[in-house]
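The values are calculated or read from the model by the stated rules, or taken from the named source; none is laboratory data. Since the model is a prediction, treat every value here as computed from it, not as a measurement. Note: ideal-geometry Cβ built from the backbone for every residue, glycine included; neighbour counts use all protein chains shown. The area values use the complete protein model at the heavy-atom level, side chains included, leaving out ligands, DNA and RNA. Shrake-Rupley method; radii C 1.70, N 1.55, O 1.52, S 1.80 Å.
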Amino acid sequence: MGPVDRIWEFLQRLSPLTRSCLLSELERLELSGVDMPGSADLQARLRAEIRNNNGGGGHRTINPSRYFFMPVEQLLIDGSPEHANEGRIARGSLTPIWEWISRDLLPTMARDYNAQMKDLIAADKQREIRQTASAFQTKVTKSLEGTLARAEGIEQVRSKLKAYTASPSVFDDVVKLMKALRAREELAKFADSLPDRIAEFDDPQVKKMVLLLDALRKRQPEAVPFALTLVAKRLKEPWQVMRLATKAARSKNIADVIAAPYAMTVPMVLDQLEDKRLALRIALKNNRVVTAKEILTSIYDIEYAIQVRIDRIEDSDWGTRLSTIMANTDRMVQAEVKRFPEEVGHVLGSNRLRSHRSFGGRLTYFAWKGRDAIKTVLRSATG
């Protein structure tokens with residue numbers, strides 16, 4: 001019996017919910033860059049077990065909790081929880097949060113909810129399922145509001161969560177969950193007003209999104225970060241969400257972009273870059289070179305888009321973070337390229353991956369610069 005088999009034998013003595021928490025932790029550590037021998041095999045076994053326990057479904061929590069978290073489904077990310085911004089919740093946080101709700105926050109109500117929901121789900125009573133889930137969401141939200149309003153309550157939550165996860169960011173996801181559930185009706189209306197897919201985020205589309213966001217901000221300001229995430233998810237190129245900030249800014253200067261409405265979209269795009277860097281690391285680790293090439297090309301394109309649309313970004317915290325991400329990406333790529341002799345070369349070392357460095361790319365860059373200069377002159381003349 002090998003080491004993984006012995007660990008698996010031990011894991012069978014633990015409760016299913018404890019094994020589900022373990023899967024979330026293993027995934028979190030992998031996304032954070034921690035290499036653990038045998039982890040991939042254990043994760044595969046745990047996922048298969050959870051799928052079987054859920055009747056073949058792919059969701060990692062039991063059915064009642066799936067309905068509870070349904071209002072935030074579109075806000076979930078599979079990236080590192082440490083890179084989940086104000087509008088995103090790490091999928092890996094759901095299991096420890098549900099464990100905490102069920103065992104510590106509202107144990108009696110959670111037990112009643114689970115029992116009631118299992119009967120409703122078995123009978124496929126969809127209307128009653130939604131009503132029951134909504135009622136429990138309201139109870140959890142009210143309880144969270146009271147608990148998090150006190151300093152000792154916050155400390156108690158942090159302490160309890162440590163029993164289910166080592167990730168300190170799960171507490172932040174608890175706070176975001178409370179806000180998202182509180183705004184769930186407004187967010188549902190906002191989502192319904194969006195196109196299913198936005199292939200081209202042109203000026204008319206940007207103006208339409210700004211009007212929708214402005215209206216939401218007046219009604220429920222704390223829902224705005226989640227609404228921005230919903231917009232990004234509908235975009236063919238999610239990084240274009242930052243145009244909501246760059247288009248509204250007085251100029252392309254970093255100070256003006258920071259002062260613009262919806263400036264938080266720029267850190268959101270940096271989070272997207274960080275997610276892609278982690279995806280690149282996993283692809284390289286598993287020798288998926290074609291996938292790695294596609295991811296790396298996307299990273300370079302997003303980096304270029306940020307630099308073109310924001311002048312002097314290097315003078316800001318955003319620029320520092322962008323430089324760090326790209327430096328880490330470059331080290332990863334160089335380590336991969338050096339595995340091969342120079343005369344063989346490596347597809348990831350090709351300058352063709354940076355399409356903006358081509359002759360056509362440079363012409364496009366200078367055309368944009370000329371257009372921006374004309375806009376600045378016209379704005380000054382009419383201002």
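Annotations
- GLU145 meets the conditions (1) assigned to a helix (DSSP H, G or I); (2) surrounded by 19 or more Cβ atoms within 10 Å (Cβ to Cβ) in every case but one. The failed one is (2).
- Residue match in segment 153-165 (condition: under 19 Å from the mean Cα position of the chain (by Cα) and either at negative phi or loosely packed, with under 13 Cβ neighbours inside 10 Å (or both)): yes
- Some residue of segment 243-263 being within 26 Å of GLU294 (Cα to Cα) and open to solvent by 10 Å² or more (accessible area, probe 1.4 Å): yes
- Listed by first and then second residue, the pairs linking a residue in segment 301-313 that is over 17 Å from ALA259 (Cβ atoms) to a residue that is among the small types (Gly, Ala, Ser), with Cβ atoms under 8 Å apart and 6 or more places separating them unless they lie on different chains, are ASP301/SER355.
- Scanning segment 314-333 for residues that are open to solvent by 10 Å² or more (accessible area, probe 1.4 Å), part of a helix (DSSP H, G or I) and either touching a residue at least 60 places away in the same chain (Cβ under 8 Å) or in contact with a Phe, Trp or Tyr (Cβ under 6 Å, 6 or more places away or on another chain) (or both) gives ASP315, TRP318.
- Those residues of segment 50-74 which are farther than 15 Å from LYS118 by Cα, open to solvent by less than 70 Å² (accessible area, probe 1.4 Å) and modelled with pLDDT under 75, in sequence order: ILE50, GLY56, GLY57, GLY58, HIS59
- The residue of segment 195-205 that is nearest to PRO96 (Cα to Cα), among those that are touching a helix residue (DSSP H, G or I) at 6+ places or on another chain (Cβ under 7 Å) and surrounded by 17 or more Cβ atoms within 10 Å (Cβ to Cβ), is ILE198.
- Apart from one condition, ASP271 fits all of (1) of a type in the set (D, E, K, R); (2) modelled with pLDDT of 95 or more; (3) under 14 Å from the mean Cα position of the chain (by Cα); the exception is (2).
- For segment 82-141, a residue qualifies if it is open to solvent by less than 70 Å² (accessible area, probe 1.4 Å) and not in a helix (DSSP H, G or I), and the qualifying residues are ALA84, ASN85, GLY87, ARG88, ILE89, ALA90, LEU106.
- Listed by first and then second residue, the pairs linking a residue in segment 206-232 that is under 16 Å from THR265 (Cβ atoms) to a residue that is part of a helix (DSSP H, G or I) and of a type in the set (S, T, N, Q), with Cβ atoms under 7 Å apart and 6 or more places separating them unless they lie on different chains, are LEU212/SER193; LEU228/THR265; LEU230/GLN74.
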